[in-house]
Amino acid sequence: MLYQIILSGLTVGAIYALIAIGFTIVFSTVRIVNFAHGEFVMAGGMIYAYLSAVHGMPVFPAVAIAIGACVVLALLVYELGLASMDKDNHIAQVMITLGVGITLKGLAQIFIGKDTQFPPAFSAGGPLAVGGATIPYQMLWIVGALAVLMLGLYMLLHHTRVGKGMMAVSINHYAATLMGISPRRSAVIAFMLAGLIGGAAGTLLAPVASAHYDNGIFLGIKGFAAAILGGLGSPLGAVVGGLILGLTESVTAGYISSVYKDAVSLVLLLAILLIRPQGLIGKRLPQKF
Amino acid sequence: MVSKHGLSSQLSRARLALAAVALAATMGVHAQDVIKIGAIYAASGPLSLMGVPEERGLRMKVDEINKAGGINGKKVELIVYDSEGNTAKAAQQARRLIESDKVLAILGPSSSGESLQILPIANESRIVLIAHAGTEKMTNPVTSWVFNTPPTDRVVAAHLLSVFKKRGITQLALMSAADGFGQSGANAVKELAPKYGVTVARHEEFNRTDPDMTAQVLKVKDSPAQAMLVWSSFPAPTIIAKNAAAVGYNKPMYNSYAAASKDLLVQAGPAAEGSFVSSMRLLAPDTLKAGDPLRTAVQKIYNDYRAKYNEQPATFVAHSVDAMSIVEAAIKKINGPVTRENLRASMETVTHAGGNGIFRLSPTSHGLDPESQSMLLMVARGGQWVADE
Amino acid sequence: MTLTSDRKLTIALLVALPVAAALTDNAFYKAVLVFGMINAVAAVGLCLMLGFAGQISLGQAAFYGLGAYGTTLMASRFGVEPVLAIAAGALLSMAVGWSISRPLSRLHDHYLAMATLAFGIIMFIVFANARSLTGGLDPGTSIAKFSIMGRDLSSMNQLFWVVWVGLVLAAFVAGNIASNQIGRSLLAVKMSAAAAASVGIDVVRAKAFVFAIGALLTGLSGGLYAYFARSFNATSFGIGYSIELLMMVVLGSLSRVSGAIVGAFIITVLPVVFENFEDYKTLTFGVTMVIIMKYMPSGLVDGILGLPGRLSRRAKA
């Protein structure tokens, strides 16, 4: 039983991690928490479900279109909502993302509908038995996608010009500008990446946990908690945070109390923040002067 | 060409005409020729699984009434607000319907919490409220102005527990959602279980939208319980069915009426096969016995809904269709002007065989009673719901 | 200068409310006004924390709930006079606000946002499950009608004045804090905690103070809500309300008491106005919010007050 509970916890944690990475990428370049991110995840799942249920589209083209749509959405959010805002007025920018999130929810409700949908899993077949425990194939897709995305992100940030520019912006916005790196371009790429990863998370998640226009806030909070736990701005932190969160929830539900599983994982998060206010892997940011 | 003067006089004439229409609308036409009915449904938000079918059912019933020439020759006008399942909003909307829209009666809201907040407002404002709440507190004790159409959670719980008793299930594992709906059902089951000789051996909770409930299912599997009862609206029942199949849970699974929907069978596929649900008859009217007293009423709602919306009705549809049917019957019985007070008095004389059961309304009964025959056990067999009693 | 204009504007709003109420005898409009004022009391509390001291809180619904449940328990279990029950609820909320502020004072910005969000969710789970005290999510709890010394004051007209007094009190407390030395030290903490500490301001104490007062006012609002709703359950105290409060404070104008009041009314009234849009109301609300924040990034009140200046500058240019 313990083995199965740990396995389930880690796979759920992988979902949280996927969502958390989107928060972290945007945060490191724009220094705001994108409250609309949960809605990107929602949109990915909803568009995938819509294409597959209404238009009978096969899995992979539907997934590709859904993810592409989320990239475009994220780009629009940045260009129409945030690009011309005062960079230092963080709270106004956060409110814009909140408003955009509500807008996306409204759009999904009108154009796709209010039904709970379970689009098809990426590959057919029952759960896989792994030494006494089972894991659904879709969860393997999720874990695999997380690994591929992490590798891709690492390559991008450390081995390409664009990625190095983003790193520079995240370390020191001002100095990067002086070096001829465009913070705006970095922000655009960060948002598109967040749309890509969020949309992918949504399509991966929908077959196991359903797609519904109202799920964005729930997913967003889990992802935000994971990102904070690991330390905002660190993709590795997002993964660690997500896995810890998923594992804590699962073990608490299995051995302590399913009623208080969220409370226990959040108390753990608070305790970690009190010991390490910058999160587990986060770097201590200089305070505002 | 219109001269400047001409245009403005035309405009003022138009304005005058508009004002006259508005005046007629507020004074004459509405008061005499139209029956205004207000409704509050959670058409969006976490309770939209109930609110959406309720609203559709009501619109269907009202269209039907109006196509047949209205009630006593008066058309019914509907004003529907979306409460999003938010109690504070629902209360505001009730006040709006009473004070600004001046409706004759209010249908809904969808949840117990919202309904309980509106209960005193309806009684103090002296307007008929026909709620769709699962809590027996709406009509027990009976208050003058408040009625309720769904079977209460206690009725559903009692039905399931009587099934368990009949089938020799004495150890039960309860899985309920951590929301108002799940909590209400879990309370009813826990409270009534001893009366039926049933022990709740495990009680686990989950968030309705959690992506995975394997840990809870494993705890249930590990317990001495002979059956699992899931009390939650979607998507959780689907996820639990899949998780249970994945970990090899092989004891019977029962669901509350929130999962009484084709969705469970489509979404969970083979994992749902053989699971039971306590449901209103609307889930599978064609499998009802020929002598079933509600068969015709249920079949009509089912067929009308399919014809209008091109999908199978959720069982919640009957909450609003029954409510509107009762209002229609009550208005027809009124001698004299159709006022809020006369409607209230007339409501208490209505007997109606509806989708949810047989209503025998009286000054001491404002909803279904234990003899209403509301619930039926259904089983998933071959991808279809089939009556199992 | 902004401070005096804020004070004038606040007084104008407080006077305008009874005038608006006198203009209608429609109990629905009155109920909207009363609910708007209840939200305004809570928003003024958050305005002190976020606008004046830079301490973000996404857990205000917890204080709102503590106020409502504290009031209900005092009134229903111990038969305490309603006014005193509301005071007790607000004080309970204040005590909790003060005690969490110390551990939280090490956190700032997004980490503080997450920590308060976590606090709010944990409290919601407690409200939902401490059924013997709160009635949980279903069926919830209820409270007797509002009265003073046995005199029933529960009609919408009478409740209006009760809540109005609450709002005046909240505005008075906030206005005074803003204009005296504590307010200036809070401002210093907001601008730079390190610099504030270097000139001898006890930063931890200042933060604890503002958390306590913010929680007190939000708790007061919860107590008023209990008497307004009379029957309620834990769903009223979820994170949705915390986010709504944040919207009120930011949309109105972050650093003005009058902004919190204006914002509270916008967030209360807009959904009522958009009601008839049915399926389009969520979309309309979202788009409206984006437009306001994009064109008036420091909030409506600042945006509108600054309009003449901006226009004349444009005219000159």
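For the reader, a short list of remarks on this structure follows.
- Gaussian network model of chain A, Cα within-10 Å springs - most flexible of A:L204, A:L82, A:L247: A:L82
- Across chain B, Cα-Cα pairs farther apart than 32 Å form 37% of the total.
- Choice from C:R131, C:R151, C:R102 with maximal GNM fluctuation in chain C (Cα, 10 Å cutoff): C:R151
- Distance between the 7 Å Cα→Cβ label points at C:V165 and B:K332: 5.4 nm.
- Here is how the number arises for the protein assembly as shown: DSSP H runs of 4 or more residues each give -39500 (n - 2.57), the sum is divided by the residue count, and the result at 222 nm is -20000 deg cm²/dmol.
- For the residues A:L270, A:L73, A:L232, a GNM of chain A with alpha-carbon springs under 10 Å puts the largest fluctuation on A:L270.
- Candidates per trypsin sites (Lys or Arg not before Pro) in segment B:269-305, loop by DSSP, up to 12 other Cβ within 10 Å: B:K289
- Quotient of the Cα radius of gyration of segment A:18-231 and 2.2 N^0.38 Å, N being its number of residues: 1.04.
- Theoretical FRET efficiency, 1/(1+(r/R0)^6), r = Cβ-Cβ of C:R313 and B:S100, R0 41 Å, to 0.05: 0.40
- On the beta carbon distance between A:N172 and C:Q181, with R0 = 45 Å, the FRET formula returns roughly 0.80.
- Solvent exposure of segment A:1-158, expressed per residue, is 36 Å² of accessible area, with all protein chains present and a 1.4 angstrom probe.
- Two-site FRET efficiency, A:I256 against B:V34, from Cβ-Cβ distance with R₀ of 60 Å, rounded to 0.05: 0.55
- Taking every C-alpha pair closer than 8 Å and separated by at least 6 residues, the mean separation divided by the residue count of chain B gives a relative contact order of 15 percent.
- Listed pairs B:K165/B:K251; A:K261/B:K195; A:K105/B:K219; B:K61/C:K30; B:K219/B:K262 exceeding 26 Å between Cα atoms: A:K261/B:K195; A:K105/B:K219; B:K61/C:K30; B:K219/B:K262
- Rg to Rh, two decimals, where the protein assembly as shown supplies the alpha carbon set and Rh follows Kirkwood: 0.97
- In this structure the amide hydrogen of B:L368, modeled in the peptide plane, comes within under 5 Å of no amide hydrogen from residues 5 or more places off or on another chain.
- Cβ-defined net charge surrounding A:R184, 11 Å radius [Lys, Arg +1; Asp, Glu -1]: +1
- For the chain pair B and A, the buried solvent-accessible surface (1.4 Å probe, both sides summed) amounts to about 2300 Å².
- Dipole size of chain A about its Cα centre, with +1 on Lys/Arg Cβ and -1 on Asp/Glu Cβ: approximately 720 debye, rounded to the nearest 20.
- Rg/Rg_globular for segment C:1-86, with Rg_globular taken as 2.2 N^0.38 Å and Rg from C-alpha atoms: 1.36
- Global form of segment B:28-91, assessed from the alpha-carbon gyration tensor, a/c cut-off 1.5: oblate
- Compactness of segment C:157-214 - radius of gyration and Dmax, Cα, Å: 15.0, 52
- Mean Kyte hydropathy of 0.0 or more with a Cα span along the axis of at least 27 Å, helices from DSSP in chain C: C:2-22, C:27-46, C:82-104, C:109-129, C:156-179, C:203-229
- Axis angle, to the nearest 10 degrees, between helix B:112-125 and the longest C-alpha principal axis of chain B: 40 degrees.
- Of every Cα-Cα pair in segment A:40-131, the percent that sits beyond 21 Å: 45 percent
- Local charge for C:F28 was computed over the other residues whose Cβ lies under 10 Å away, with Lys and Arg +1 and Asp and Glu -1, and equals +1.
- With both labels modelled 7 Å from their Cα along Cα-to-Cβ, the C:A194 to C:T24 distance reads 5.2 nm.
- Count Lys and Arg as plus one, Asp and Glu as minus one, and take only other residues whose Cβ is under 14 Å from that of C:A174; the net charge is then +1.
- Shape call, segment A:220-289: gyration tensor on alpha carbons, a/c limit 1.5: prolate
- Peptides C:83-95, A:104-116, C:194-206 ordered by average Cβ neighbours within 10 Å, highest first: C:83-95, A:104-116, C:194-206
- Here the simple spin-label model places points 7 Å from the Cα toward Cβ, and for B:E371 and B:K289 these points are separated by 1.8 nm.
- Rg over Rh, two decimals, segment B:226-351 (C-alpha only, Kirkwood Rh): 1.12
- Extension gain, B:T339 to B:T351, is 2.3 nm, computed as 0.36 nm per intervening residue step minus the present C-alpha separation.
- Once the gyration tensor of the Cα atoms in segment C:2-316 is diagonalised, the equivalent ellipsoid follows with semi-axes of 29, 25, 19 Å, ordered largest first.
The values are calculated or read from the model by the stated rules, or taken from the named source; none is laboratory data. Just so we're clear, the structure is a prediction, and the values are computed from it rather than from any experiment. Neighbour counts are summed over all protein chains in view; Cβ atoms, including those assigned to glycine, are modelled from backbone coordinates with ideal geometry. The accessibility values were calculated without ligands, DNA or RNA, using every heavy atom of the protein model including side chains. Shrake-Rupley method; radii C 1.70, N 1.55, O 1.52, S 1.80 Å.
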